[in-house]
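What follows is a short report on a single structure.
The values are calculated or read from the model by the stated rules, or taken from the named source; none is laboratory data. Quantities reported herein were computed from a predicted structural model and do not represent experimental measurements. Neighbour counts run over all protein chains shown; Cβ positions are idealised from the backbone, glycine included. To get the accessible areas, we keep the full protein, side chains included, count just its heavy atoms, and leave off ligands, DNA and RNA. Shrake-Rupley method; radii C 1.70, N 1.55, O 1.52, S 1.80 Å.
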Amino acid sequence: MEREKIVAIVNDFLVNEFEVDGDEISNDANLKNTLGLDSLDYIDMVVVIESNFGVKLGEADFKKMITFDDFYTTIENKIAEKNA
């Protein structure tokens, strides 16, 4: 899957499912500060990511993510690993 498509899908569900202001989403924006999600929201996000991309993200994955770019890259890498 191309990165542009991953970004589009992620941004769409963040805006529509998690009510994130689309104007606040940028590659270098701080993921946790921008999303303001609680632990239950992260569980919901894992489910949404799995249903959209067929990959699972764990707690360790989220701990490594600082920016939205990190988020997209992690999903991109998980998809690549799955398809390898």
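Using the C-alpha atoms of the range 1-81, what convex hull volume per residue, in cubic angstrom, is computed? Provide the component values of the computation, followed by the final result.
Details: hull volume 6.7 nm³, N = 81.
About 83 Å³ per residue, rounded to a whole number.
Would you mind getting the accessible area per residue of the range 1-81, heavy atoms of the protein chains only, 1.4 Å probe, in Å²?
Details: 4790 Å² over 81 residues.
That works out to 59 Å² per residue.
With each run of n ≥ 4 DSSP H residues scored as -39500 (n - 2.57), what mean residue ellipticity at 222 nm is computed for the chain after dividing by its residue count and rounding to the nearest 500 deg cm²/dmol?
The helix-only estimate for the chain comes to -21000 deg cm²/dmol at 222 nm.
Roughly how far apart, in whole Å, are the Cα centres of the range 1-32 and the range 34-84?
When both Cα centres are located, 12 Å separates them.
First compute the accessible area of the range 1-81 with a 1.4 Å probe, then give the percent of it belonging to carbon and sulfur atoms.
With neighbouring chains kept in place, the figure for the range 1-81 is 46 percent.
Find which of L37, V20, N77 sits farthest along the positive direction of the dipole of the chain, computed with +1 on the beta-carbon of Lys and Arg, -1 on that of Asp and Glu, about the Cα centre.
It is N77.
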